[in-house]
Amino acid sequence: MRRISFTVTENEAGRSAASIFKNELRLSSSLLARLKQVPGALLRNGLPVRTNERVAAEDIVSAAVGESPAESGRAALPFPILFEDEDILVADKPAGAAVHGSRYDDTVPSVEEAVNAYCGKPGLFHPVNRLDRGTTGVMAVAKNGWMHELLMSKLHTGAFERLYLGVCEGVFSEKSGRIDLPIARVEGSAIKRGVSPLGAPAVTDYEVVSERVRADGRTLSLVRFRLETGRTHQIRVHCAAIGHPLAGDWLYGTEEKELIARPALHSARLRFTHPLTGERIELEAPLPEDMKRIMN
């Protein structure tokens, strides 16, 4: 069990246990409410504590925030680990792996199943930046709900910065710019999104890295994207909306399996500030071979 604790000082003496849990241990109100229903989750000096109790100096207040990985019986993770500690795992996700396991098709590999098997316990999987099944690259996972909430609170800030690379159709007239178009669900489709004035705000910054003219005269552009928001299919929708869909995008562009068997999108880099240590961490995943091939 992953347990976090705080030793009360003279300055904090007399405060409620709830105040310590929320401010010093950084538990959200919703997480604290859930833990109140779990026997033994909230303790003071090793004994159950009510959140309205007042604490004294030298009291040790602790909370069980999630399961800990097993010490033995762990399976090998079938893709590279870029960073790992007790609370966070960052991996280089391959194409074809869904984020969550499917209830309807157990033949589809998932990051969830792989991480749970790797950690030796179910229920440790809390994805932070979700990637489409066809998207490759850097993906962060929290190993408990507490860390998940801490990271999610920073998701669209400078404390959690994401950079993507995509291969787009055509030549961009402006080699850098900002796409600021709201996105909503497309009526009648369970998965498709589209630009709509009634949609949620969505902002994508882009910069063309290189261009390649194919033998058939078509041009492909390698483009760098930075997200200021995180809408479902945001880059795919925005690229299609400005006339430059991702190569191989069967939903928003043209499916061309002989060119690339998926939308050509890669989560290339993640920079984040570790919520516990304050360390600035930068992780990169190399461009996958299928995207290299179509740009070389």
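What follows is calculated from the coordinates using simple rules that are stated; it is not laboratory data. Quick caveat: nothing in here was measured; it's all calculated off a predicted structure. In this analysis, Cβ positions are derived from the backbone assuming ideal geometry, glycine residues included, and neighbour counts consider all displayed protein chains.
What is the ratio of the Cα radius of gyration of the range 36-103 to 2.2 N^0.38 Å, with N the residue count, to two decimals?
The value comes to 1.70.
Cα centroids of the range 246-296 and the range 1-80: how far apart, whole angstrom?
37 Å
Can you tell me which aspartates and glutamates have their Cα less than 17 Å from the Cα of K121? Leave out same-chain residues fewer than eight positions away.
Candidates past the 8-residue exclusion: E67, E71, E84, D85, E86, D87, E112, E113.
Sum -39500 (n - 2.57) across every DSSP H segment of at least 4 residues in the chain, then divide by the residue count to get the 222 nm mean residue ellipticity, nearest 500.
My calculation for the chain gives -3500 deg cm²/dmol from helical runs alone.
Among C168, C119, which comes first, then next, by fewest other beta-carbon atoms within 10 Å?
Going from sparsest to densest Cβ surroundings: C119, C168.
Restricting to Cα pairs below 8 Å that are 6+ residues apart, what does the relative contact order work out to for the range 50-205? Please round to a whole percent. It would help to have the intermediate numbers written out before the result.
Working: 233 pairs, mean separation 27.7, N = 156.
It comes to 18 percent, rounded to a whole number.
DSSP loop (so not H, G, I, E, B), at most 13 other Cβ within 10 Å: list which trypsin sites (Lys or Arg not before Pro) in the range 182-244 pass both filters.
Loop-located and lightly packed - R214, R218.
Hey, got a sec? Which chymotrypsin sites (Phe, Trp or Tyr not before Pro) in the range 100-157 land in a DSSP loop and have at most 13 other Cβ atoms within 10 Å?
Details: sites: Y104, Y118, F125, W146; in loops: Y104, F125.
In loop regions of the range 100-157 (DSSP not H, G, I, E or B), the sparsely surrounded chymotrypsin sites (Phe, Trp or Tyr not before Pro) are Y104.
So what are the range 100-169's ellipsoid semi-axes, whole angstrom, largest first, if each one is the square root of 5 times an eigenvalue of the alpha-carbon gyration tensor? Working shown, then result.
Details: eigenvalues 98, 79, 15 Å².
Semi-axes from the Cα gyration tensor: 22, 20, 9 Å.
Which one, V49, P69, G137, is farthest towards the positive end of the dipole of the chain when Lys and Arg carry +1 and Asp and Glu -1 on their Cβ?
V49
Quick check on the chain: what are the equivalent-ellipsoid semi-axes from the Cα gyration tensor, as sqrt(5λ), descending, whole Å?
42, 21, 17
Run the numbers on the range 2-66 and let me know its relative contact order in percent, using alpha-carbon pairs under 8 Å that are six or more apart.
Across the range 2-66, relative contact order equals 54 percent.
Using Cα-only point scatterers and the Debye equation, what is log10 of I(q)/I(0) for the range 199-258 at each q in 0.12, 0.26, 0.28, 0.29 Å⁻¹, rounded to two decimals?
-0.32, -1.21, -1.30, -1.33
For the range 200-296, which chymotrypsin sites (Phe, Trp or Tyr not before Pro) are in a loop by DSSP, counting at most 16 other Cβ atoms within 10 Å?
Within the range 200-296, the qualifying chymotrypsin sites (Phe, Trp or Tyr not before Pro) (loop, at most 16 other Cβ atoms within 10 Å) are W250.
With the calculation restricted to Cα positions, what are the radius of gyration and Dmax of the range 2-66 in angstrom?
Looking at the range 2-66, its Cα Rg and Dmax stand at 10.4, 29 Å.
With +1 on the Cβ of every Lys and Arg and -1 on the Cβ of every Asp and Glu, and nothing else charged, how large is the dipole of the range 2-66 about its Cα centre, in debye rounded to the nearest 20?
Around 380 debye, computed over the range 2-66.
Could you work out the relative contact order of the range 153-223? I mean the mean sequence separation of Cα pairs under 8 Å and 6+ apart, divided by the number of residues, in percent.
35 percent
Please state the charge dipole magnitude for the chain, taken about the Cα centre, from unit charges on C-beta atoms (+1 on K and R, -1 on D and E), reported in debye and rounded to the nearest 20.
On the way: 38 positive and 38 negative charges, 104 e Å.
Here the chain has a charge dipole of around 500 debye.
Would you mind computing the Rg to Rh ratio of the range 159-296 from its alpha-carbon coordinates, Kirkwood style for Rh? Before the final figure, lay out each step's value.
Details: Rg = 15.7 Å, Rh = 15.8 Å.
Result for the range 159-296 is an Rg/Rh of 0.99.
What lysines sit close enough to K154 to cross-link, taking a C-alpha to C-alpha distance under 21 Å and skipping anything fewer than 8 places away on the same chain?
K22, K143
For G101, which sequence-distant residues (separation of 5 or more, or a different chain) have an amide H within less than 5 Å of its own amide H, given hydrogens modelled in the peptide plane?
Here E112, E113 satisfy the definition.
Report the calculated FRET efficiency for T277 and S176 (r = Cβ-Cβ distance, R0 = 41 Å), to the nearest 0.05.
0.75
Residue-wise, which Karplus ³J(HN,Hα) couplings in Hz belong to the range 139-144, taking 6.51 cos²θ - 1.76 cosθ + 1.60, θ = phi - 60°, and x for glycine or proline?
Rounded to whole hertz, the list is 9, 9, 10, 8, 8, 8.
Exposure proxy check: E258, E24, E282 ranked by fewest other beta carbons within 10 Å?
Working: E258 6, E24 17, E282 10.
So the ranking, lowest neighbour count to highest, is E258, E282, E24.
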